[in-house]
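Any read-out appearing in this document is the output of simple, stated calculations on the displayed coordinates, not a laboratory observation. Predicted model only: the values in this text are computed from it and were never measured. No Cβ is skipped: glycine too gets one built from the backbone with ideal geometry, and neighbour counts run over all protein chains shown.
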Amino acid sequence: MSGQGGQGGQGGQGGQTMRAWQWRGPDDHGQIAAAVPTPAPDELLIAVEACGLCGTDLRILAGDYGHARPPVVIGHEFAGTVAAVGSAVEGYAAGQRVAADPNVYCLKCEWCSRRAYNLCSMLHAVGIGRDGAMAEYVAVPARLAVRLPDAVAPALGALIEPLSCVLHGLERGGVEAVGQGGGWAGRTMAVYGAGAIGLIAVAVAAGLGLEVTAVEPLAARRLRAEAAGAVRAAERLEPSARFDYVLDASGAPAAVVDGFGRLRKRGTFIQMGVAPSAFEVPVNPYRVYENEWRIIGSNSVADCYGRALALVESLSGPLSQLVTHTLPLAELPRAIELMTDPSAVKVQIDPRL
Ligand SMILES: [Zn+2]
Ligand SMILES: [Zn+2]
């Protein structure tokens, strides 16, 4: 914690208070009046204009996410406007539109030296281990912030975080390496789950030229997958269907089991979905050996936030369509309900409403 996080009580920016959504323990959360954070010397205070709700938030609120420490204000997918600048920060001024990588990593440990910032031994992410952006204001280290181009509205800026997760997943799966080695013609990918992460993966992979098939039980989301660039979207695949890449963005045990059986020779399975922690799937080492399969895990952003910023404008078409609902902070319970609604993909909170 920066020590000035808005947890109610003393301190704060000029003694002002703000509305924030605080998690206190398993299924114990609600809106509070908190002190507006005072930015530390190396921090920016950001007036939040958009903050996405995602599956990780639901795991935190349920008390089923290891890194979260109560009490904490949730919210890690956000964009807004600089409201105040810490005394040691250079290059930022009030009024500038920004977003930020929520992962506050140490830059000192072994994992940071490998640029695996998501695996930092000292990681305490905004909205998970320190107060986040489901609030009128959030304080973040300036080194993690990025200026948004004028064309990137707050709602789009708040999608840079999930986009960076997808870029990291594709990089972990070696997708870019193939591109550098001679193109994508004929390469195929199956994406299981057409929620926000799955749909972003479809858009990025299709944009690279892969032939993408989406596997998704909800008809409304299958249509979205086709609009995002999938050549087909199916409720289930034919028994013979095989792919160079299988990306699980669902975390659903049945999807993972099905996907594991669908790799071509030299195929790569990329696990991005958050499966139940006790779920196990059998793996046949002989077939892994024989077919030279790769099984890859990918979580969070690592070092991909900057690349996502560079790409976000070119993907603004498919990305903007993901934001199906924008609600005021007080309606966060309804936002949670919408997470399981077929009509919804990405639900964002605008604390100014
Ligand atoms: Zn998220
Ligand atoms: Zn570290």
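Between Ala50, Gln16, Val175, the Cα set farthest toward the positive side of the dipole of the chain (charges on each charged residue's Cβ, about the Cα centre) is that of Val175. Taking amide H positions as modeled 1.01 Å from N, with prolines and chain starts lacking one, the residues under 5 Å from Arg294 and 5 or more places away or on another chain are Gly267, Thr268, Phe269. Helices that extend 20 Å or more along their long axis by alpha-carbon positions and average at least -0.5 on the Kyte-Doolittle scale are absent among the DSSP H runs of the chain. A simple spin-label model places the labels of Ser121 and Ile296 2.7 nm from each other, with each point 7 Å out along Cα-to-Cβ.
Note on the chain: GNM, Cα springs under 10 Å; of Val72, Val288, Val246, the largest mean-square fluctuation is that of Val288. For the chain, the share of DSSP beta bridges that are antiparallel, to the nearest 5, is 55%.
Applying both filters, DSSP loop and at most 13 other Cβ atoms within 10 Å, to the trypsin sites (Lys or Arg not before Pro) of region 106-183 gives Lys108, Arg114, Arg115.
Peptides 275-282, 231-238, 312-319 ranked from most to least packed, by the mean per-residue count of other Cβ atoms within 10 Å: 312-319, 231-238, 275-282.
Per-residue extension of 0.36 nm, minus the Cα-Cα distance of Cys106 and Tyr286, leaves a gain of 60.8 nm for this segment. For region 74-173, the list of GluC sites (Glu not before Pro) that fall in a loop by DSSP and count at most 12 other C-beta atoms within 10 angstrom reads Glu90.
Amide H contacts for Gly273 (H built 1.01 Å from N in the peptide plane; partners 5 or more residues away or on another chain; cut-off under 5 Å): Asp248, Ala249, Ser250, Gly251. The ranking of Leu44, Leu332 by Cβ neighbour count inside 10 Å, starting from the fewest, reads Leu332, Leu44. Label point of Ala219 set 7 angstrom out along Cα-Cβ; within region 325-353, amide nitrogens under 17 Å from it belong to 341-344.
I need to check one value: relative contact order of region 220-353, counting alpha carbon pairs closer than 8 Å and at least 6 residues apart, in percent. Before the final figure, lay out each step's value.
On the way: 154 pairs, mean separation 24.4, N = 134.
RCO, region 220-353: 18 percent.
Relative contact order (percent) for region 174-297, with alpha-carbon contacts under 8 angstrom and 6 or more residues of separation?
21 percent
Net length available on complete extension from Arg334 to Ser316 is 3.9 nm, with 0.36 nm assigned per residue and the Cα-Cα distance removed.
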